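The block underneath contains the structure these notes are about, expressed in structure tokens.
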Amino acid sequence: YVNGVQVTNSERRITTSIADAWLPVAYTLYITGVTAGQAVDVRWRVDGSTAQMGDRNLTLFRVG
């Protein structure tokens, strides 16, 4: 999300059939047009069941 608006084509679905498994997930997205002062955040959503998220990091850096 940038300034509270979901970035187009940024949603991903992670599924597993392994019960009680902690799986590493890495995701990279290149977003153009982000300027200083804009809020950038990642949101976690669960559909139809429960899930937990462990440690997480968001790294945002300027390219070019």
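Residue 12 to residue 38: extension gain in nm, 0.36 nm per residue of separation minus the Cα-Cα distance?
Numbers: separation 26, 0.36 × 26 = 9.36 nm, distance 2.26 nm.
Separation in residues times 0.36 nm, less the Cα-Cα distance, equals 7.1 nm.
Rounded to the nearest percent, how much of the accessible area of the chain (1.4 Å probe, protein heavy atoms only) is carbon and sulfur? Mind showing how you got there, number by number?
Working: 3200 of 6370 Å².
Of all accessible area on the chain, carbon and sulfur atoms account for 50 percent.
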Discussion item. Could you report the chain's accessible area per residue, 1.4 Å probe, as an integer in Å²?
Written reply: 100
Worksheet entry | Calculated P(r) over Cα pairs in 10 Å bins from 0, in percent (choose from (1) 22, 42, 25, 8, 2, 0; (2) 21, 60, 19, 0; (3) 14, 48, 27, 10, 1), label | (3)
Worksheet item: Using a 1.4 angstrom probe and counting only protein chains, how large is the accessible area of residue 63 in Å², to 10?
Response: 90
Discussion item. Just to check I understand the Karplus step: with θ = phi - 60° and J = 6.51 cos²θ - 1.76 cosθ + 1.60, what whole-Hz values come out for segment 12-25, glycine and proline as x?
Written reply: 10, 10, 10, 10, 8, 9, 8, 5, 6, 9, 9, 10, x, 10
Discussion item. With θ taken as phi - 60° and the coefficients 6.51, -1.76 and 1.60, list the Karplus ³J(HN,Hα) couplings across segment 52-61 in order, rounded to whole Hz; mark glycine and proline as x.
Written reply: 10, 10, x, 4, 8, 9, 10, 10, 10, 9
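The values are calculated or read from the model by the stated rules, or taken from the named source; none is laboratory data. Please read these numbers as outputs of a predicted model, since none were measured by experiment. Protein only, heavy atoms only, side chains kept; ligands, DNA and RNA dropped before computing areas. Shrake-Rupley method; radii C 1.70, N 1.55, O 1.52, S 1.80 Å.
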